[in-house]
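Worksheet: the structure to be examined is printed underneath.
The values are calculated or read from the model by the stated rules, or taken from the named source; none is laboratory data. Bear in mind that the values here come from a model prediction, so they are computed numbers and not experimental data. Glycine also receives a Cβ, built like all others from the backbone with ideal geometry; neighbour counts cover every protein chain displayed. For the accessible areas, the whole protein counts, side chains as well, though only heavy atoms, and no ligand, DNA or RNA atoms are used. Shrake-Rupley method; radii C 1.70, N 1.55, O 1.52, S 1.80 Å.
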Amino acid sequence: MQTKQLIFFDIDGTLLNEEKQLPASAKMAINRLQELGHEIAIATGRAPFMFKDLREELGIHSYVSFNGQYVVHNGKPVYRNPLDPDELHLLTASAGNKLNPIIYENHEKMYSSVESHPHVEEGIGSLKIKDGYVFDPHFYKGSEIYQSLLFCNDEEQEAYRSQFSKFEFVRWHERSVDVVPAGGSKAIGIEALMNHLTIPKENVYAFGDGLNDVTMLTFVENSIAMGNAVEEVKDVAKYVTKHVDEDGILRGLELVGLL
């Protein structure tokens, strides 16, 4: 009998292609892993409500969301790491002065500091999700916020980074960065789920393609970069598979001997 492995998959650019479609070969490969008795989880920067349909389609009930800040096993939270509320209040004030919109995310919904903004529409639109954001600039007060989306350019991002040491700013879109707690990452979330399941590090695999996957692929022993991954990701990964549209998930699982 094959030893039980824990395998993490990023979503955008890994499970889903640029058109946000799931290749048939990826779905088949994940179903086969489940049949073999392996533990399958998603590791994403997305909020849980943004990939509910994908979880249902694949029968996946465990995930690392918000780049590691909210971790769930079989539908139950096992790790939470919200943003510091006082620091978030200061960031909100600074962003307001610079006219940089912010979206606040909890595990159920997202709320915006502005009613509408072209950069927000562009960034959120790229995710191709059903539910949009709600305008509520005060939602973050008294609520656990696991991640914010700050809409700013590279120069502004560096200024925020130097000013707010309790936060990490990780770019996910030309117009926007993820704001997560300092030290928070997909790697921390993965470690929390590993510990919860008592699965050793040598039995953990991860697939990714973007900058927010670097910590994850550096942390796990069996790391696989997609063929469409950015160079920084390929540089830290142990293996590089095919492009997401060239059966990258299936080929990667074959490459590491899981299928």
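For the chain, the solvent-accessible area with a 1.4 angstrom probe is 44 square angstrom per residue. Each residue of the range 36-52 was assigned a 3J(HN,Hα) from its phi angle through the Karplus curve 6.51 cos²θ - 1.76 cosθ + 1.60 (θ = phi - 60°); the sequence is 7, x, 7, 8, 10, 9, 9, 10, 9, x, 5, 6, x, 5, 7, 9, 4 Hz, with glycine and proline shown as x. Once a ≥ b ≥ c are taken as the square roots of the eigenvalues of the Cα gyration tensor of the range 1-71, is the result rounded (a/c under 1.5), prolate (a/b larger than b/c) or oblate (a/b not larger than b/c)? Verdict is oblate for the range 1-71.
Principal-axis analysis of the Cα atoms of the chain puts helix 24-35 at an angle of about 70° to the longest axis.
Calculated from the structure, Cα extents along the principal axes in Å equals which of [x] 53, 35, 35; [y] 58, 34, 32; [z] 49, 42, 33? The calculated read-out lines up with [y]. One chain, two ends: E57 and D136. Fully extended at 0.36 nm per residue, the span grows by 25.3 nm beyond their Cα-Cα distance. With 0.36 nm allotted per residue and the present C-alpha distance subtracted, the L90-E122 stretch has 9.0 nm of extension available. Centre-to-centre, using Cα atoms only, the range 178-228 and the range 115-175 are separated by 22 Å. Among N97, Y111, N203, pick out the residue whose Cα is farthest towards the positive end of the charge dipole of the chain, where Lys and Arg carry +1 and Asp and Glu carry -1 on C-beta, about the Cα centre. Going by the charge dipole, the pick is N203.
Can you pull the percent of the chain's accessible area that's carbon plus sulfur, 1.4 Å probe, other chains left in place? Before the final figure, lay out each step's value.
On the way: 5470 of 11460 Å².
Whole-percent figure for carbon plus sulfur exposure: 48.
Mean residue ellipticity, 222 nm, helices only, the chain: the sum of -39500 (n - 2.57) across DSSP H runs of n ≥ 4, divided by residue count and rounded to 500, is -9000 deg cm²/dmol. Counting heavy atoms of the protein chains alone, V180 has an accessible area of about 0 Å² for a 1.4 Å probe. Here each label is just a point 7 Å from Cα along the line to Cβ, and for R32 and K238 those points are 2.0 nm apart.
Too long at a 18 Å Cα-Cα cut-off: which of K4/K52; K20/K76; K52/K130?
K4/K52; K20/K76
Charging the Cβ of each Asp and Glu at -1 and of each Lys and Arg at +1, and nothing else, the dipole of the chain about its Cα centre rounds to 700 debye.
Please label the shape of the range 112-168 as rounded, prolate or oblate, based on the square roots a ≥ b ≥ c of the eigenvalues of the alpha-carbon gyration tensor (a/c under 1.5 means rounded; beyond that, a/b larger than b/c means prolate, else oblate). The shape class here is oblate. Once the Cα atoms are used to define both axes, helix 154-163 deviates from the longest principal axis of the chain by about 80 degrees. The dipole here belongs to the range 199-246: it is taken about the Cα centre, uses +1 on the Cβ of Lys and Arg and -1 on the Cβ of Asp and Glu, and is about 160 debye. A simple charge model with +1 on the Cβ of Lys and Arg, -1 on the Cβ of Asp and Glu and nothing else charged puts the dipole of the range 1-113 at about 200 debye relative to its Cα centre.
If a/c stays under 1.5 just call it rounded; otherwise compare a/b with b/c (prolate if a/b is bigger, oblate if not). Do that for the range 134-259, with a ≥ b ≥ c from the square roots of the Cα gyration tensor eigenvalues. Verdict is prolate for the range 134-259.
Run through the DSSP bridge list for the chain and note the antiparallel percent, rounded to the nearest 5.
Numbers: 24 of 43 bridges.
Bridges in the chain that DSSP calls antiparallel: roughly 55 percent.
Axis angle, to the nearest 10 degrees, between helix 186-197 and the longest C-alpha principal axis of the chain: 50 degrees. E221 sits among other residues whose Cβ lies under 14 Å from its own Cβ, and their net charge, with Lys and Arg +1 and Asp and Glu -1, is 0. Our summary gives the range 66-167 a relative contact order of 33 percent, counting only alpha carbon pairs under 8 angstrom and 6 or more residues apart.
The residues neighbouring P23, those whose beta-carbon lies less than 13 Å from its own, together hold a net charge of -2 under the Lys/Arg +1, Asp/Glu -1 convention. When nucleic acids and ligands are ignored and a 1.4 Å probe is applied, H138 ends up with an accessible area of around 110 Å².
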